[in-house]
Amino acid sequence: MAFVQNLPFISILLSLFAGPLSSILSGKKAKWVNLAVIGAVGAMSAAVLAFVLSTGEPYVYMMGHFPAPWGNEIRVGVLEASMAVFFCVIMFLCMIGGSRERELEIEESKMNLYYVMVNLLLCSLLALIYTNDLFTAYVFVEINTIAACGLIMIRQNGRTIEAATRYMIMSLLGSGLFLLGLCFLYDLTGHLLMSNIQESVRVLKQTGEYHVPLLVSICLISVGLAIKSALYPFHAWLPDAYGYSTLSSAAILSSLVSKGYVFLLVKIFYRVVGFDVIMDSKVINVLFVFGIIGMIMGSVAAIKENNIRRMIAFSSVAQIGYIYMGLGLGSQIGSIASVYHIVAHAATKSLLFVAASGLTQASGDSTDFFDLTGAGFRNKLAGIAFTVGSLSMVGFPMFSGFTSKLLFAQAGVESGNKMLLTLVALALSTILNAVYFMKTVIRIYTPEKKKVLVQKDFHSVTMADQPAKSAALVCFIVLNLFLGLWSEPMVRLFGDGLAMFA
Amino acid sequence: MDFANLMNNYEEAVAMILFGIGFSNLLLQKNLIKKIIGFNIMDTAMYLFLALKGYIAGRKAPIVVDGIQSVEAYINPIPSGLVLTGIVVSVSVTALMLSLTVRLYRRYHTLDLDKITTQLKKEGL
C-alpha cells in the first residue's frame with residue numbers, strides 16, 4: 001500500500017487533534033495553527049487526488065485492519081478527493097477573508113474557541129466526505145452540527161443566540177429522522193458499511209421483500225438531510241444564522257456546512273441504496289418539486305430583503321433548491337450538474353459574503369441596502385468582486401454560475417417529462433436572481449452625494465487597508481473564473497467521480 | 001393491511017409512537033425546555049428501537065462469564081454499541097441546547113422562543 005493512501009485518515013486525525021490543541025493556545029497562535037492545518041489538509045487531499053487520478057480507481061482504507069463486515073472503512077475516489085481539496089481551498093479563503101471581522105466581533109478571550117470549532121468542522125466535513133460507514137456518518141453529522149452552532153453563537157448578541165437555537169432545533173429534527181432511516185436500513189440489511197448495504201438492498205430489490213420499509217427509510221434519510229441542508233420549507237433558521245454571525249462563519253456555513261450534507265445525500269443515493277432503486281422509489285420527484293419551489297421562493301424572499309447579508313442568505317435557499325432539482329432529475333448528468341453546482345455555489349457564495357462585508361465596511365458597517373449607495377467606488381476591489389459574484393449567480397458566461405445553469409438545462413432537456421418544468425423554473429429563477437443581484441450592483445455603483453458621505457462619515461477603503469481580505473477576494477475571483485472557463489475538465493472530473501461511486 | 005405483524009412487533013410500534021411524540025414536541029412546543037425534553041424522548045425511542053433489533057429472545061448479554069464462547073448464547077452486540085454512541089451524542093447535544101437556553105433566559109427572561117423572537121424584532125437588531 002502506497003503511503004499516499006494513508007493521507008485521508010491522517011488529514012481527518014490532524015484536524016481532529018488541532019481542535020483540542022487550539023483550546024490551550026492563545027487566539028493568535030490558534031489562528032496560525034488553524035490556517036496551517038487547513039493548508040496541510042488541502043495539500044494532502046491534493047496528493048490523494050493525484051494518486052486516485054493516476055490509478056484511475058477508488059480504494060478502500062481499512063481502519064485498524066479489521067476486514068469488511070466488522071471494521072470501519074474510509075473510501076476514496078476521485079469525487080471524494082476533489083471535494084476535500086475544494087472544501088479546504090474555500091475554507092482557507094473564508095478564514096483569511098474574515099479575519100478583520102473576527103477580531104472586531106469576537107471577544108479576545110474566546111478567540112481560540114472559534115478555531116476549535118473551525119478545526120472540528122473541517123474534521124467532520126472530511127469524515128463525511130470520506131467515510132464508508134453510515135453510523136460514522138451520523139456521528140460526524142452531529143459533530144458538524146455542534147461545531148456549526150458554535151460558529152454561529154461565538155458572536156454574542158441576542159440575534160445569534162436565537163439563530164443558533166433555531167438552527168439546533170431544525171438540525172436535531174433532521175438528524176433524528178436521518179438516524180431513524182439509518183436504523184431501518186440496518187434493520188433491513190444487517191450492515192452498516194455502505195457497500196455491504198448496497199449488496200443487500202440489491203437482493204431485497206430482486207426478491208421484492210420489505211418494499212415499504214425500504215421506501216420509508218429512503219424517505220426518512222432524504223427528508224432528514226434535506227432539513228439539515230435547508231431545502232425550501234425548512235429554511236426558517238437560515239437567514240438569521242447567516243445574516244448576523246461573524247463573516248467567516250456565515251461564509252463557511254453557507255458554502256461548506258450545508259454542502260457537506262448534500263454531498264452525503266448524493267453518496268447515500270449512489271453508494272448505499274443504489275441509484276436505480278432511488279429512481280424507482282419516486283422520492284427524487286419530491287426533492288425535485290421542493291427544489292423548484294425553493295428556487296423561486298428563495299429568490300422572492302431575497303428581493304424583499306433590505307439587509308444585504310440576509311439577502312445573500314436567502315439567495316442560498318434558492319441555490320440549494322437548484323442542487324436538489326438537479327438530483328431530482330434522476331439522471332447522471334443531473335447529478336453531475338448538482339455536484340458541479342455544490343462547488344460553484346460554494347465558491348460564489350463565500351465570495352459574495354466577503355465582498356459584501358468589504359462594501360459594508362466602506363459604509364460605516366451598515367448592512368442596510370440604501371447605505372450601500374456608491375460603496376463600489378469607496379471600496380473598489382470589493383465592488384468588483386461583488387459584481388463578479390452577482391454575475392456568476394445570475395449565470396453570466398465566463399463565470400462558474402453559467403456552467404452550472406448550462407448543465408442543469410442540458411440535464412433538464414434530457415429528462416423527458418420534467419423538461420418543461422425544469423426549463424421554466426431555470427428561466428424564472430434566473431430573472432429573479434438578476435432582479436436582486438443587479439439591483440444591488442446598480443446601487444453600489446450609483447454615486448452618492450459628497451454632502452451625504454461627510455454627514456454619514458463614510459470613508460473609502462483601499463487595498464492596503466485590508467490586505468488579507470483583498471488577497472482572499474482576488475483568489476475567489478480567480479477561482480470563479482477558473483471554474484467558469486475551465487469547466488470542461490471539472491465536469492469530466494466530477495463525471496468520473498460519480499461513475500466511481502456506483 | 002396485515003395487523004398480525006403489528007401485534008407481533010408491538011415493541012417496535014411503541015418505539016415509533018414514542019419517536020412521534022418526541023419529534024412533534026421538539027417541533028411544535030414553544031417552551032425551550034419542553035423542546036429539549038421532546039428531543040430526549042425522540043432519541044430514547046431510537047435506543048429502544050435499536051435495542052429491540054439486537055435482542056434475540058432467550059439469549060443473554062454478550063459478556064463471557066461462565067466460559068460459554070458459543071455465538072448462539074448471546075444477543076447481537078452491535079446495536080448495543082450503536083446505542084452507547086447515540087447516548088454520547090444526545091447527551092452532548094442536550095448540554096449544548098441547555099446552555100443556549102440558559103443564555104436566552106438570562107437575556108430575555110422567558111423560555112418561549114416566539115416571545116424571544118418578538119422581543120428581538122422590537123430591539124431592531
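The values are calculated or read from the model by the stated rules, or taken from the named source; none is laboratory data. This structure is a prediction, so every number in the text was calculated from the model and none was measured. Cβ placement follows ideal geometry from the backbone for every residue including glycine, while neighbour counts extend to all protein chains displayed.
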Restricting attention to the range A:444-502, which residues are aromatic (F, W, Y) and more than 30 Å from the chain's Cα centre (by Cα)? A:F458
The condition of being of a type in the set (S, T, Y) and without any contact (Cβ under 8 Å) to a residue 60 or more places away in the chain holds, among A:T387, A:T367, A:T373, A:T403, only for A:T387
Confirm whether B:L82 is within 11 Å of another protein chain (Cβ to nearest Cβ) and under 30 Å from A:T160 (Cβ atoms). no
Six or more apart or on different chains, Cβ atoms under 9 Å: show the pairs whose first residue is in the range A:236-250 and more than 12 Å from A:F314 (Cα to Cα) and within 12 Å of another protein chain (Cβ to nearest Cβ) and whose second is crowded, with 21+ Cβ neighbours inside 10 Å and of a type in the set (S, T, N, Q). A:Y244/A:T160
Is it the case that A:V201 is of a type in the set (A, V, I, L, M, F, W, C) and more than 11 Å from chain B (Cβ to nearest Cβ)? yes
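Here's the yes/no breakdown for (1) in contact with a Phe, Trp or Tyr (Cβ under 9 Å, 6 or more places away or on another chain); (2) more than 11 Å from chain B (Cβ to nearest Cβ):
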residue	(1), (2)
A:Y114	no, yes
A:S124	yes, yes
A:A127	yes, yes
A:Y138	yes, no
A:V141	yes, no
A:I146	no, no
A:L151	yes, yes
A:G158	yes, no
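Residue by residue, here is whether (1) over 18 Å from A:M170 (Cβ atoms); (2) among the hydroxyl-bearing types (S, T, Y) holds:
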{"site": "B:I21", "(1), (2)": "yes, no"}
{"site": "B:L28", "(1), (2)": "no, no"}
{"site": "B:Y47", "(1), (2)": "yes, yes"}
{"site": "B:R59", "(1), (2)": "yes, no"}
{"site": "B:I75", "(1), (2)": "yes, no"}
{"site": "B:I87", "(1), (2)": "yes, no"}
{"site": "B:M97", "(1), (2)": "no, no"}
Only one of A:R75, A:R102 is modelled with pLDDT under 90, under 23 Å from the mean Cα position of the chain (by Cα) and surrounded by 17 or more Cβ atoms within 10 Å (Cβ to Cβ), namely A:R102
For A:A163, state whether it is buried (at least 23 other Cβ atoms within 10 Å of the Cβ), among the small types (G, A, S) and at the interface with chain B (Cβ under 10 Å from one of its Cβ atoms). yes
Counted residues in the range A:428-466 being surrounded by fewer than 12 Cβ atoms within 10 Å (Cβ to Cβ) and in a helix (DSSP H, G or I) come to 7
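Okay, residues lined up against (1) surrounded by fewer than 24 Cβ atoms within 10 Å (Cβ to Cβ); (2) more than 13 Å from the chain's Cα centre (by Cα); (3) within 30 Å of A:N196 (Cβ to Cβ):
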residue	(1), (2), (3)
A:F234	yes, yes, no
A:S249	no, no, no
A:I293	yes, yes, no
A:G298	no, yes, no
A:K304	yes, yes, no
A:M311	no, yes, no
A:S316	no, no, no
A:I323	no, no, yes
A:V339	no, no, yes
Output for the range A:196-242, where each listed residue is of a type in the set (G, A, S), at pLDDT 90 or above and more than 30 Å from B:D114 (Cα to Cα): A:S200, A:S217
Filtering the range B:24-79 down to residues that are more than 13 Å from every other protein chain (Cβ to nearest Cβ), in contact with a helix residue (DSSP H, G or I) (Cβ under 9 Å, 6 or more places away or on another chain) and of a type outside the set (A, V, I, L, M) yields B:R59, B:K60, B:P62
Working only within the range A:41-64, note down all residues that are surrounded by fewer than 23 Cβ atoms within 10 Å (Cβ to Cβ) and either among the aromatic types (F, W, Y) or in contact with a Gly (Cβ under 7 Å, 6 or more places away or on another chain) (or both). A:F51, A:P58, A:Y59, A:Y61, A:M62, A:M63, A:G64
So which residues in the range A:178-196 are within 11 Å of chain B (Cβ to nearest Cβ) and touching a strand residue (DSSP E or B) at 6+ places or on another chain (Cβ under 7 Å)? A:L192
Are any of the residues in the range A:414-425 of a type in the set (S, T, N, Q), under 23 Å from A:L287 (Cα atoms) and part of a helix (DSSP H, G or I)? yes
Right, A:L49: touching a residue at least 60 places away in the same chain (Cβ under 8 Å) and under 21 Å from the mean Cα position of the chain (by Cα) or not? no
Specify which of the listed residues (A:A81, A:A68) is among the hydrophobic types (A, V, I, L, M, F, W, C) and modelled with pLDDT of 90 or more. A:A81
Looking at the structure I just gave you, is B:L125 facing chain A (nearest Cβ under 10 Å) and either at pLDDT below 90 or not in a helix (DSSP H, G or I) (or both)? yes
Could you pull out every one of the helices (runs of 4 or more DSSP H) wholly within the range A:66-171 that has 1 or more residues that are within 23 Å of A:L192 (Cβ to Cβ)? A:78-97, A:111-130, A:134-153
